[in-house]
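Below is one structure, written out as C-alpha cells; comments come after it.
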Amino acid sequence: MSTSEVHYRWEWDLNADPETFWPFVSDTDRLNRDSGLPAVQNLVPRGQRLENARRRLRVRLYGVPLDFEETPFEWVRPFRYGVQRRYLPYPLNPLAEFRMLAGLEPRPDGGTHLTYQVWVTPKNLLGVIAIPIQIGILSKYQIEKSLRRYEQTAIRRGTRLDLSGFVQFVPGGRERLRAARDQLIAQGCDEALVDRLAHIIETADDNSVARLRPYALADQWGAPRQRVLELCLRATRVSLLDFQWELLCPRCRGSAEEVSTLGDITRTVHCDTCNIDFTANFERSVELMFRPNAAIRAVEAMPFCVAGPQTTPHIVIQQRLAAGEQRAITTALEVGRYRLRAMELNGDQTLAVTPDGRPEITLRADSQWPAEEATAAPKSTLRFENATRREQLLILERTAWSDQATTAADVTALQIFRDLFANEALRPGEQISVGSLTILFTDLRGSTRLYREIGDAPAFGLVMSHFDVLKDAIAAEGGAIVKNIGDAVMAVFRQPASSMRAVIRAQKALALPPRPLRPLILKVGIHYGPCIAVNLNDRLDYFGSTVNAASRLVELSNGQDVIISGVVRRDPEINALLADPANGLTAMQDETTLKGFDEERFEIWRVRPIF
C-alpha cells in the first residue's frame with residue numbers, strides 16, 4: 001500500500017483582476033463552506049494558545065472526527081496564500097498531512113490566471129481510497145463552481161454581500177420581514193434603503209449577513225453613512241435585526257469577544273490569538289455589528305475556516321520563517337504607512353511606502369527592532385530576515401484602521417441611539433475610554449427672572465419647548481443630548497464643527513421665534529478632548545477634564561455668543577466655518593482661568609453669530 005503524497009494542480013482563467021478577485025478567493029471561510037467542506041471546531045481551551053498562532057482543530061467528515069494542527073496561513077496580498085495541516089495520529093484518521101497553495105497571476109487582458117494546488121498525504125488505505133474521490137473529483141468541482149460564482153460578482157464590481165445562497169427563514173419569518181419593512185417605512189425611513197436591507201436579508205448567504213456593518217452597507221449603496229446606521233438601529237427596534245458589540249484586539253484587529261449589551265463589556269479583554277490582555281475603548285476596539293433577527297431568519301455562524309487572509313484584511317503579508325531564514329518577496333503595496341511585527345516578539349518596525357521609496361530593502365526581525373523607519377517603493381522587493389533562534393510568524397500590516405467600523409464612540413454620540421436604547425449603559429463602576437469627543441453645554445440666560453415675570457407654568461412650558469429645539473438641532477448634526485441639568489443641557493458630538501452648526505441653529509431659532517412666543521437667549525460652551533464613559537443613574541454618561549472645562553466655558557457666555565476652547569478653534573472644519581463670510585461669524589480671542597483648574601490659563605474664543 002502506497003501512502004506517498006498526492007498532488008493536484010488546477011488552473012482557471014478568470015475575468016477579474018487579482019486585486020478585485022482577492023477578497024473573494026481569500027475568504028477561505030466562505031470558500032470552504034461553499035466547497036462542501038465541514039465546519040471546524042476549535043480544540044484549544046479559551047485562554048490558551050499554541051506557538052505562533054497555530055491552531056488545533058477538528059472537522060467531522062462522514063461522521064469521522066479528524067483532528068489536526070494547522071499552521072498559520074501565509075500570504076502575499078493579492079497574489080498568493082497557502083496553509084498546512086498535520087493530522088493527529090488517531091486510528092480512524094485517514095490523512096497524515098494536507099497543504100494547499102492558491103496563486104493569482106494577472107493576465108495581459110486584465111483578468112487573472114488562478115492556480116490552485118493541493119498536496120495530500122494519506123495515512124492508511126482509507127485515505128488512499130478517499131483522496132481521489134473527495135479531493136480529486138468532489139472538491140475540484142465544488143471549488144470551480146464557487147470560483148465561477150465569485151467571478152460573476154467580482155466582474156460587476158460587487159461585494160461579498162452580493163453573493164446569494166441558501167436562506168433559511170423560520171416559520172412566519174417572511175411575513176415578519178414584510179411587517180417590519182412596512183413599520184420602518186411608516187416611521188419615515190427611506191423606502192429604497194429599507195428595500196435594499198430587506199433584499200440582503202432575503203437573499204444573501206449566511207456569511208454575508210452574520211456581521212452586517214452599516215458603514216460598509218452605506219458605501220456599497222452610495223448612501224449617507226449616518227442614514228444607514230439609523231436605519232439599522234430602527235430595524236433592531238422593529239425586530240428585523242439584532243445587534244451585538246464586538247471587542248476588537250488592537251494587535252490582530254480580530255474579534256476577541258462578542259457581547260450583547262454595553263453592560264457586558266469589561267475594561268480588560270483577552271485575545272486568544274495574540275495571547276495578550278488589552279484595554280477596551282469606545283473609539284477603536286468596540287464595534288457594533290448587526291444580523292437578521294432570529295425570529296425572521298436562522299443564521300448559522302459555524303466557522304469553516306478560522307484564520308484565512310480575509311479575516312485580517314489589513315495584513316498584506318504574513319510569512320512563517322524558520323530561525324535564521326531569509327525570504328525575498330516582490331510586492332505591490334499601496335502608498336501609506338505599515339508596521340512589521342512578529343507574533344512571538346515585542347515591538348515592531350515601521351515602514352513608509354512612498355513613490356520615491358527604495359526598490360529593495362531588508363526587514364529584520366530580532367529581539368531589538370531597528371529604531372529608524374524603513375522606506376520602500378510601491379513595487380519593490382522586501383527581504384524578510386528572521387534573526388532570532390526560533391521560528392517567527394512575520395506580519396506586515398497597514399497601520400491605518402478601516403473607517404468602515406461603526407464604533408461605540410460613533411453610536412453612543414447619536415441621539416437616535418440614546419432614544420431607542422436608553423438602557424444601553426456600562427455596568428456600574430465600569431469606566432471605559434471613549435477617545436476624543438466634542439462636549440457642549442448650554443444654559444438659558446435669565447431663566448430665574450423668566451419664571452418671576454410670566455409665572456411658573458408658562459415659563460416651564462417655554463423651557464420644555466427650548467429642549468425640543470435643542471434636541472432637533474443637535475440630532476440633525478449627528479449629536480446627542482446626554483442629560484438635562486435644570487434648564488441646561490449637556491450634549492456630545494464626534495466633531496466640533498457639528499456642534500457649532502447645531503447651537504447656532506438653536507440660538508437663532510430661540511432668539512427669533514414665531515409670534516407670540518417669547519425670545520430666549522442661549523449661552524453655549526464647547527470643548528474637545530479625551531473623555532471617559534461611565535454609568536450614571538443607569539444611563540451612559542461622560543466625565544473627565546474635557547467635560548469639566550466645557551461646563552465652565554458656558555459660564556463665560558453672554559448668550560449672544562458661543563465660547564469655544566483653543567483646541568476647538570484650531571479644528572480645520574471650525575476654521576473653515578469661521579473663514580466663510582456666508583456664515584456671518586466673527587471670532588475674538590481671549591485668555592482666562594476656569595474654576596477648578598487652579599491657575600491654568602485657558603485660551604478661549606468668543607464666536608458671535610449674526611442673526
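Brief remarks on what is shown
- The C-alpha atoms of the chain define a longest principal axis, and helix 173-186 lies at about 30 degrees to it.
- Ranking of Phe417, Phe611, Phe290 by count of other Cβ atoms within 10 Å, fewest first: Phe611, Phe417, Phe290
- The fewest-to-most ranking of Asp277, Asp162 by surrounding Cβ atoms within 10 Å reads Asp277, Asp162.
- Extension gain, Arg452 to Asp13, is 149.7 nm, computed as 0.36 nm per intervening residue step minus the present C-alpha separation.
- Residue separation of Ala576 and Glu555 scaled by 0.36 nm, minus their Cα-Cα distance, works out to 5.0 nm of gained length.
- Label assignment, semi-axes √(5λ) of the Cα gyration tensor in Å derived from the structure, set [x] 40, 27, 26; [y] 40, 31, 23; [z] 53, 29, 22: [z]
- FRET efficiency for the Glu97 to Leu126 pair, using the beta carbon distance and R₀ = 22 Å, is estimated at 0.90.
- Calculated FRET value between Gln244 and Asp366, using beta carbons and R₀ = 35 Å, to 0.05: 0.30
- The Rg/Rh ratio for the stretch 318-398 is 0.94, where Rg is the radius of gyration of the alpha carbons and Rh is the Kirkwood radius.
- Across the stretch 285-295, computed HN-Hα scalar couplings (Karplus, 6.51 cos²θ - 1.76 cosθ + 1.60, θ = phi - 60°) run 9, 10, 10, 8, 10, 10, 7, x, 4, 5, 7 Hz from first to last residue, x flagging Gly and Pro.
- Candidate cross-link partners of Lys483 among the lysines, defined by an alpha-carbon separation under 30 Å and a same-chain spacing of 8 or more, comprise Lys471, Lys508, Lys523, Lys595.
- Under 5 Å from the amide H of Leu88 lie the amide H atoms of Asp67, Phe68, Glu69, each residue being 5 or more positions distant or on a separate chain, with H modelled from the backbone and absent for Pro and chain starts.
- Working from Cα pairs under 8 Å separated by at least six residues, relative contact order for the stretch 6-158 is 29 percent.
- Ordered by the number of other Cβ atoms lying within 10 Å of each residue's own Cβ, fewest first, Lys471, Lys140 fall into the sequence Lys140, Lys471.
- Nearest 10 degrees, 0 to 90: helix 191-203 Cα axis against the chain principal axis: 30 degrees
- At R0 = 30 Å, FRET efficiency that the Cβ-Cβ distance of Asp67 and Glu325 yields, to 0.05: 0.55
- Straight-distance crosslink candidates among aspartates and glutamates, where the alpha carbon sits under 15 Å from Lys123 and sequence neighbours closer than 8 are dropped: Glu5, Asp67, Glu97
- Amide H to amide H distances under 5 Å link Phe304 with Val40, where only residues 5 or more positions off or on other chains count and H is placed in the peptide plane.
- A simple packing score, the average count of other Cβ atoms within 10 Å per residue, orders the peptides 395-405, 278-288 as 278-288, 395-405, with the highest score first.
- Most to least packed among 337-343, 151-157 [average Cβ atoms within 10 Å]: 337-343, 151-157
- Extension reserve of the Thr115-Asp182 stretch, reckoned as 0.36 nm per residue once the Cα distance is removed: 19.3 nm
- Shown in residue order for the stretch 514-525 are the 3J(HN,Hα) couplings computed by the Karplus curve 6.51 cos²θ - 1.76 cosθ + 1.60 at θ = phi - 60°: x, 5, x, 5, 7, x, 10, 10, 10, 8, 9, x Hz (x for Gly and Pro).
- Mean separation of Cα pairs under 8 Å and 6 or more residues apart, divided by the residue count, gives the stretch 311-430 a relative contact order of 33 percent.
- Pairwise label distance in nanometres, Glu430 with Gln152, each label 7 Å out on the Cα-Cβ vector: 4.5 nm
- Net dipole in debye of the stretch 1-145 [+1 Lys, Arg Cβ; -1 Asp, Glu Cβ; about Cα centre; nearest 20]: 680 debye
- Inter-probe distance in nm under a simple model that places probes 7 Å from Cα toward Cβ, at Ser545 and Leu512: 4.0 nm
- Using C-alpha pairs below 8 Å separated by at least 6 residues, the relative contact order for the chain is 11 percent.
- Rounded to whole numbers, the Karplus 3J(HN,Hα) couplings from phi for the stretch 459-473 are 5, 4, x, 5, 4, 4, 5, 5, 4, 5, 4, 4, 4, 4, 5 Hz, using 6.51 cos²θ - 1.76 cosθ + 1.60 with θ = phi - 60°, and x at Gly and Pro.
- Estimated distance in nm for a label pair at Ala488 and Tyr90, the labels positioned 7 Å out from Cα along Cα-to-Cβ: 6.6 nm
- Mean-position separation - Cα centroids, the stretch 57-78 and the stretch 503-530, in angstrom: 62 Å
All of the numbers you see were taken from the coordinates with simple rules; none came from a lab. A quick note: this is a predicted structure, and the numbers were derived from the prediction, not measured. We place every Cβ from the backbone using ideal geometry, glycine too, and count neighbours over all the protein chains shown.
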